[in-house]
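To keep things clear, I will list the structure first and then write my remarks on it.
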Ligand code: SF4
């Protein structure tokens with residue numbers, strides 16, 4: 001957990017679990033998950049990590065600790081001005097997938113739901129990202145059966161990387177109720193994707209290219225087309241990074257920032273970082 005982070009679309013990160021069952025970024029043939037790579041280095045050596053990445057491990061109390069972090073509502077963020085004025089945005093589960101199959105709904109309730117609904121936790125917005133939105137929807141129905149609605153300050157998000165993973169968006173729409181904010185992380189995007197079928201029902205889209213070892217190409221035209229789709233649907237759009245292998249008109253670009261996250265190096269029309277609940281559009285283009 002970290003009160004501050006370099007991740008452009010949030011203020012902080014917290015992990016009620018560490019480790020993961022894997023996904024298309026971590027399994028036979030691909031090892032590009034950042035959390036997995038850090039576990040290879042620190043797992044079994046540092047007490048803050050799962051012993052090995054595949055052994056999903058609970059860390060109770062982290063969410064309650066994060067809930068006590070100072071309120072940021074109304075505050076400027078000099079290094080991330082697109083977040084100015086927002087309540088603290090806490091990326092929940094960036095080093096794990098807390099919806100991995102061995103994590104019980106009882107634990108998710110006492111660790112996550114209790115913290116975000118506490119008096120201190122309600123001052124923040126919690127952005128829970130998973131590649132298992134069907135299990136998140138199942139958890140949401142289970143909570144509802146106990147009389148616990150999905151907390152309004154718990155935003156539900158999923159990640160997609162390619163057209164074959166877009167089914168997760170349909171599953172995400174099953175989480176929560178009409179008051180739930182649902183967001184999509186299209187990162188690392190590795191091929192053209194259209195969100196036209198789902199966009200009107202989403203509340204936020206974040207997009208980015210791949211970084212790390214052996215990064216796959218990200219065509220800047222993919223950003224242009226998704227930005228236009230979001231604009232037409234009235235959905236806030238946030239371009240996080242172009243990745244380590246950005247392409248323009250068939251040519252590879254060499255950027256100084258190794259993740260392609262410095263928008264000063266981007267074409268002006270791509271400089272867009274909108275955030276739900278933050279009044280003005282943040283665009284330097
Ligand atoms: S689901 Fe997330 S944490 Fe798990 S392997 Fe995939 S990218 Fe890594």
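The values are calculated or read from the model by the stated rules, or taken from the named source; none is laboratory data. Since this is a predicted model, take the numbers as computed values, not measurements. Don't worry about glycine lacking a Cβ; one is built from the backbone with ideal geometry, like all the others, and counts go over all protein chains shown.
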If you scan segment 258-278, which residues turn out to be surrounded by fewer than 17 Cβ atoms within 10 Å (Cβ to Cβ) and either over 21 Å from the mean Cα position of the chain (by Cα) or assigned to a strand (DSSP E or B) (or both)? 264, 265, 267, 268, 269
Can you tell me how many residues within segment 25-50 are within 16 Å of the ligand (Cβ to nearest atom) and assigned to a loop (DSSP other than H, G, I, E, B)? 9
Could you tell me whether any residue of segment 202-212 is closer than 17 Å to residue 261 by Cβ and modelled with pLDDT under 95? yes
Look at segment 68-86 and say how many of its residues are part of a loop (DSSP other than H, G, I, E, B) and in contact (Cβ under 8 Å) with a residue 40 or more places away in the chain. 10
Please go through (1) more than 24 Å from residue 7 (Cα to Cα); (2) touching a helix residue (DSSP H, G or I) at 6+ places or on another chain (Cβ under 9 Å); (3) within 16 Å of the ligand (Cβ to nearest atom) for residue 142 and return the number of the only condition it doesn't satisfy. (3)
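If the requirement is being surrounded by 12 or more Cβ atoms within 10 Å (Cβ to Cβ), away from the ligand (no atom under 16 Å from the Cβ) and closer than 28 Å to residue 25 by Cα, which of these qualifies: 91, 53, 105, 59?
Numbers: 91 fails: away from the ligand (no atom under 16 Å from the Cβ); 53 fails: away from the ligand (no atom under 16 Å from the Cβ); 59 fails: away from the ligand (no atom under 16 Å from the Cβ).
It is 105.
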Provide a single number: the residues in segment 5-50 that are on the phi > 0 side of the Ramachandran plot and crowded, with 20+ Cβ neighbours inside 10 Å. 1
Please list, ordered by first then second residue, the pairs with beta carbon atoms under 7 Å, 6 or more apart or interchain, first in segment 137-157 and at negative phi and touching a residue at least 24 places away in the same chain (Cβ under 8 Å), second outside any helix (DSSP H, G or I) and surrounded by fewer than 16 Cβ atoms within 10 Å (Cβ to Cβ). 137/174; 149/177; 150/177; 152/179
Tell me which residues, restricted to segment 117-134, are more than 16 Å from the ligand (Cβ to nearest atom) and either in contact with a strand residue (DSSP E or B) (Cβ under 8 Å, 6 or more places away or on another chain) or on the phi > 0 side of the Ramachandran plot (or both). 124, 125, 126
